[in-house]
Amino acid sequence: MHELANELNTALKGTIVDEMFSAVGRRMFFPKGIVAQAAEAKKKATRFNATIGMATSKGMPMHLSDIFTQFAENSLTPSQIFAYAPGGGDPELRELWKSEMFRKNPSLQGKAVSLPIVTGGLTHGLSLLAQLFFEEGDTLIVPDLAWDNYELIFSHQVNTTIKTFPFYTETGAFNVDALKETLSSLPGKKARILLNFPNNPTGFTPSKTEIERTKEALVQLADDGMKLMVISDDAYFGLFFEEETEKESLFASLCDAHENIFAVKADAATKEEMVWGFRIGFVTYGGKGLKAEHYDALNKKTLGIIRSTVSNCDRPGQSLILKAMRDGKNYQADKSAAFAEMERRYHTIKASLKKYENSELLKPYPFNSGYFMAFKCKGSSEVLRTYLLDTYQIGCINIQDTTLRLAYCSVECDKIEELIDLVYQAAGEAWN
Ligand SMILES: Cc1ncc(COP(=O)(O)O)c(C=O)c1O
């Protein structure tokens with residue numbers, strides 16, 4: 001074990017984080033190598049700075065003018081576009097993302113959480129969490145309706161066993177009891193959980209009461225001595241369309257809930273700021289009893305895994321997002337307009353589904369948020385998917401041959417009714 005890893009492990013000894021590390025997580029540290037020395041030099045090397053592998057001239061990165069001229073005059077400097085980003089991300093963006101997180105989740109006020117670290121998108125955030133905290137022999141609990149990439153990340157990459165619980169109760173609520181039962185049935189009094197609201201593929205977010213019950217269930221297990229790591233995948237955060245829906249991240253209620261609960265928030269600019277191709281996400285840690293020195297050690301481990309994988313995350317994307325969030329004249333208006341359009345599509349699809357309430361072919365799962373809705377299919381959803389594609393040139397997603405997912409976020413409002421009519425018509429034709 002490297003001496004620096006030992007120091008971080010000692011700093012975290014006895015905490016809930018210490019319980020959760022994988023062997024990789026335990027070995028990980030942020031070296032005092034090129035990046036750390038360059039950061040030190042940036043502050044002190046006022047005469048010559050010969051530390052970093054970047055071609056510079058007149059204090060700026062050299063660059064292709066054909067790229068630089070793509071940006072508006074006087075918007076970003078060459079350094080804000082072409083230089084490496086600081087390790088962990090642009091400090092101003094990290095602070096701004098954190099303060100926005102507190103604004104969007106008022107119950108975070110007064111709670112201590114880590115400074116978000118920039119990742120190469122949310123998938124990268126989950127992947128680095130997988131490496132730091134998951135390994136063969138561990139189990140990850142997810143609902144039976146979940147994003148398919150979890151399997152690739154947690155099962156195939158780090159060889160964790162994925163165990164599912166039914167997402168919904170009979171009455172279409174979030175199945176807190178099933179989550180609790182599944183957790184209680186695990187041997188070893190230790191569990192890792194990944195929850196994603198608004199959910200992909202169902203478009204469902206639990207109500208305020210269901211989230212409160214989820215927290216109570218987890219705290220009860222923690223009281224009984226169970227050690228829990230709960231990752232909130234907040235990819236679609238903010239797209240809540242109904243009054244009773246919980247509008248805060250589960251992370252906000254869990255980050256100070258119990259000494260035995262380690263809460264992690266994985267979120268991203270990807271959907272929240274509508275920059276899908278930029279590849280910018282964030283990982284934030286929280287836990288009752290975790291102090292600044294613990295978060296610092298945890299962030300150093302996280303920096304180590306980033307340094308040893310992608311090394312550094314996208315620079316121009318960070319600069320552009322920061323500029324829009326901090327100074328954008330149209331930032332709030334554009335976001336509000338996009339939300340209003342998504343909400344309009346949501347209400348349109350709800351209305352279009354009404355006439356098929358009694359159909360036995362396709363039963364929509366309850367949905368109230370996000371980008372998607374999904375049907376429980378009477379026949380093969382793969383047969384329906386290919387039939388829709390070949391016969392009507394309509395693309396949808398089949399999940400495990402039982403569920404058909406519609407990303408209504410990408411269908412114009414005035415086409416949604418036609419889409420629903422054709423999906424039901426196709427189901428009747430494909431499964432006859
Ligand atoms: C639930 C969920 N988590 C994470 C992601 C990945 O986000 P990113 O594009 O930032 O990696 C997605 C995107 O499809 C998603 O649906």
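Details
- Search result, residues across segment 135-151 that are within 16 Å of the ligand (Cβ to nearest atom), over 13 Å from the mean Cα position of the chain (by Cα) and part of a loop (DSSP other than H, G, I, E, B): Asp144, Leu145, Asp148
- When segment 255-290 is filtered for residues that are assigned to a loop (DSSP other than H, G, I, E, B) and away from the ligand (no atom under 16 Å from the Cβ), the ones remaining, listed by number, are Cys255, Asp256, Ala257, His258, Glu259, Asn260, Lys288, Gly289, Leu290.
- Condition check for Val158: within 22 Å of Ala252 (Cα to Cα) and in contact with a helix residue (DSSP H, G or I) (Cβ under 8 Å, 6 or more places away or on another chain): no
- Of all the residues in segment 64-83, those that are assigned to a loop (DSSP other than H, G, I, E, B) and buried (at least 16 other Cβ atoms within 10 Å of the Cβ) number 3.
- Boolean, Gly225 is modelled with pLDDT under 95, more than 16 Å from the ligand (Cβ to nearest atom) and small (Gly, Ala, Ser): no
- Extreme residue, surrounded by the most Cβ atoms within 10 Å (Cβ to Cβ), among residues of segment 191-239 that are of a type in the set (A, V, I, L, M, F, W, C) and part of a helix (DSSP H, G or I): Leu218
- Residue match in segment 158-180 (condition: more than 13 Å from the ligand (Cβ to nearest atom) and more than 30 Å from Phe375 (Cβ to Cβ)): yes
- Residue match in segment 31-39 (condition: in a helix (DSSP H, G or I), in contact with a helix residue (DSSP H, G or I) (Cβ under 8 Å, 6 or more places away or on another chain), surrounded by 17 or more Cβ atoms within 10 Å (Cβ to Cβ) and at pLDDT 95 or above): no
- Scanning segment 409-423 for residues being farther than 14 Å from His347 by Cα, under 30 Å from the mean Cα position of the chain (by Cα) and surrounded by fewer than 17 Cβ atoms within 10 Å (Cβ to Cβ) gives a total of 1.
- Subset of segment 229-266 (residues that are under 16 Å from Ala146 (Cα atoms) and not hydroxyl-bearing (Ser, Thr, Tyr)): Val230, Ile231, Asp233, Asp234, Ala235, Phe237, Ala266
- Per this entry, Thr270 is not counted among residues that are crowded, with 22+ Cβ neighbours inside 10 Å, among the β-branched types (Val, Ile, Thr) and in the same structural domain as Gly110 (by TED's automatic domain parsing).
- Answer from Arg405, Arg385 - the residue that is surrounded by 17 or more Cβ atoms within 10 Å (Cβ to Cβ), closer than 19 Å to Ala235 by Cα and touching a Cys at 6+ places or on another chain (Cβ under 7 Å): Arg405
- Hits in segment 109-128 - residues which are hydrophobic (A, V, I, L, M, F, W, C) and within 19 Å of Tyr236 (Cα to Cα): Ile117, Val118, Leu122, Leu126
- Matching residues, segment 1-30, being part of a loop (DSSP other than H, G, I, E, B) and not hydrophobic (A, V, I, L, M, F, W, C): His2, Lys13, Gly14, Thr15, Ser22
- Matching residues in segment 197-215 - criterion: being touching a Pro at 6+ places or on another chain (Cβ under 8 Å) and either in contact (Cβ under 8 Å) with a residue 60 or more places away in the chain or within 16 Å of the ligand (Cβ to nearest atom) (or both): Phe197, Asn199, Thr202, Phe204, Thr205
- So Glu242, is it at negative phi, surrounded by fewer than 17 Cβ atoms within 10 Å (Cβ to Cβ) and touching a Lys or Arg at 6+ places or on another chain (Cβ under 9 Å): no
Here's the yes/no breakdown for (1) within 16 Å of the ligand (Cβ to nearest atom); (2) not aromatic (Phe, Trp, Tyr):
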site: Gly33; (1), (2): no, yes
site: Gln37; (1), (2): no, yes
site: Met62; (1), (2): no, yes
site: Gly87; (1), (2): no, yes
site: Ser99; (1), (2): no, yes
site: Phe102; (1), (2): no, no
site: Pro116; (1), (2): yes, yes
site: Leu132; (1), (2): no, yes
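- Criterion applied to Leu384, Leu322 was being in contact (Cβ under 8 Å) with a residue 40 or more places away in the chain, assigned by TED's automatic domain parsing to the domain that holds Arg94 and hydrophobic (A, V, I, L, M, F, W, C), and the one residue passing it is Leu322.
The values are calculated or read from the model by the stated rules, or taken from the named source; none is laboratory data. In this text, all values refer to a predicted model and were calculated from it rather than measured experimentally. We place every Cβ from the backbone using ideal geometry, glycine too, and count neighbours over all the protein chains shown.
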